[in-house]
1. Go through region 159-218 residue by residue and tally those that are touching a Cys at 6+ places or on another chain (Cβ under 8 Å) and among the β-branched types (Val, Ile, Thr).
2. Just checking, does region 94-108 include any residue being modelled with pLDDT of 95 or more and more than 25 Å from Asn32 (Cα to Cα)?
3. Just checking, how many residues over region 111-128 are more than 30 Å from Ser218 (Cα to Cα) and either part of a loop (DSSP other than H, G, I, E, B) or touching a residue at least 24 places away in the same chain (Cβ under 8 Å) (or both)?
4. Only one of these is within 27 Å of Gly190 (Cβ to Cβ), outside the structural domain of Leu189 (by TED's automatic domain parsing) and touching a helix residue (DSSP H, G or I) at 6+ places or on another chain (Cβ under 8 Å): Cys113, Cys93. Name it.
5. Can you work out which of the residues in region 33-82 that are out of contact with any Phe, Trp or Tyr (no Cβ under 7 Å at 6 or more places or on another chain) and of a type in the set (D, E, K, R) is nearest to Gly166 (Cα to Cα)?
6. Checking Phe131 against (1) farther than 16 Å from Asn162 by Cβ; (2) in contact (Cβ under 8 Å) with a residue 24 or more places away in the chain; (3) assigned by TED's automatic domain parsing to the domain that holds Ala52, which test does it fail?
7. Restricting to region 26-69, and then to whatever is among the hydroxyl-bearing types (Ser, Thr, Tyr) and out of contact with any helix residue (DSSP H, G or I) (no Cβ under 9 Å at 6 or more places or on another chain), can you tell me which residue is farthest from Thr107 (Cα to Cα)?
8. Among the residues of region 162-186, write down those that are out of contact with any helix residue (DSSP H, G or I) (no Cβ under 6 Å at 6 or more places or on another chain), surrounded by 19 or more Cβ atoms within 10 Å (Cβ to Cβ) and assigned to a loop (DSSP other than H, G, I, E, B).
Amino acid sequence: MRRLLAIAAAAVVLCGFSAPAHAVNQYTTIGNVPKPAACNNSGIMPAGGWLANKSCGYVMGTAIAGTQFDVHTTTANNFHFGRWRAGDGSNFCAFLVPGALDTSHSTSVASSCSDDTSERLSHRRTFGRDFDAAPHTGNGAIIVPINPSACTGYYNYFVDSNYASGSLHDPVGFALPAAGGYRYATNDLGAAMIRVDALGQTIWLFVARSCIAAQLPSGLNNEND
C-alpha cells in the first residue's frame, strides 16, 4: 500500500511539473495606428503601433502591421503587455500602444511573458544606455546630423527578452532626413533610437549607432529609473 501511495504521489508531482502555462489571446497587428493621446501624442504610426518598455515609456520598436502580438495583460489606459512576434522570428516582451490590434479574431496561445519581465523592463537600463537626458525627461533632446546616403533606418532591433543584443531589422523604406533627435543606444552599442520627421509624422526608428556616433556629445546619461 505504501508503495502504491508513493507511486501515486510521484505521478501527481510529475503532472504538476508538466502543466502548461495559462493561455492568452494572440492578435494580428495593424498599421496607421493613432498615437496614444494618453501620452500627449498626436498623429499616426503608419507602419504599426509603438512597442515600449511600459505605458507611455521609451519606444523600443514598432509592431509591424501583419505580425502577431500575444496579449497577457492590459493596463487602465489600454496598453497591452505581451510578446510581439516579428516576421523574421524575432520576438520579445513589451508594451503595445492602444488601437494597434485587429481584435476581430484571436488565437489562443501559451503565455510567455512574466510579471518579473514586466518589472525588469520598466527600468530603462534593462534595454538601453547613453540616454539623451535624465529619467523621465528628454524625448530625443539631442539633435544630431544624419548622412542619409550612409545611414538606413529600421523599425526594430531587439530579438529576444534579454534586450542585451539584437540586429537591425524591418527597414523603414524611406530616405532619412538630414537630422534627427537622439534618444538612447542599445546596451550592446549596436543601434541607436532616434526620432525623425518623415511621412508627415514624427517617426521613432533605429539606426546603426556607428552612423551617428561621431555626432554624439560626451557625458550621456546612464542613470536608471
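1. Number of matching residues: 2.
2. So in region 94-108, the residues modelled with pLDDT of 95 or more come out as 94-108.
Applying the additional criterion that residues be more than 25 Å from Asn32 (Cα to Cα) yields 108.
Checked region 94-108: at least one residue is modelled with pLDDT of 95 or more and more than 25 Å from Asn32 (Cα to Cα).
3. Looking only at that region, the number is 6.
4. Details: Cys113 fails: touching a helix residue (DSSP H, G or I) at 6+ places or on another chain (Cβ under 8 Å).
Of Cys113, Cys93, the one residue that is within 27 Å of Gly190 (Cβ to Cβ), outside the structural domain of Leu189 (by TED's automatic domain parsing) and touching a helix residue (DSSP H, G or I) at 6+ places or on another chain (Cβ under 8 Å) is Cys93.
5. Asp70
6. Of everything listed in (1) farther than 16 Å from Asn162 by Cβ; (2) in contact (Cβ under 8 Å) with a residue 24 or more places away in the chain; (3) assigned by TED's automatic domain parsing to the domain that holds Ala52, Phe131 misses just condition (3).
7. As a first pass, look at region 26-69 and keep what is among the hydroxyl-bearing types (Ser, Thr, Tyr): 27-29, 42, 55, 58, 62, 67.
Filter once more, so that each one left must be out of contact with any helix residue (DSSP H, G or I) (no Cβ under 9 Å at 6 or more places or on another chain): 27-29, 42, 62, 67.
Details: Tyr27: 7, Thr28: 9, Thr29: 13, Ser42: 31, Thr62: 21, Thr67: 13 Å.
If we take residues in region 26-69 being among the hydroxyl-bearing types (Ser, Thr, Tyr) and out of contact with any helix residue (DSSP H, G or I) (no Cβ under 9 Å at 6 or more places or on another chain), then Ser42 is farthest from Thr107 (Cα to Cα).
8. Passing the criteria: Val172, Leu176.
The values are calculated or read from the model by the stated rules, or taken from the named source; none is laboratory data. Quick caveat, the model's predicted, so the values are computed rather than measured. Cβ sites come from the backbone with ideal geometry, for glycine too, and all protein chains shown count toward neighbours.
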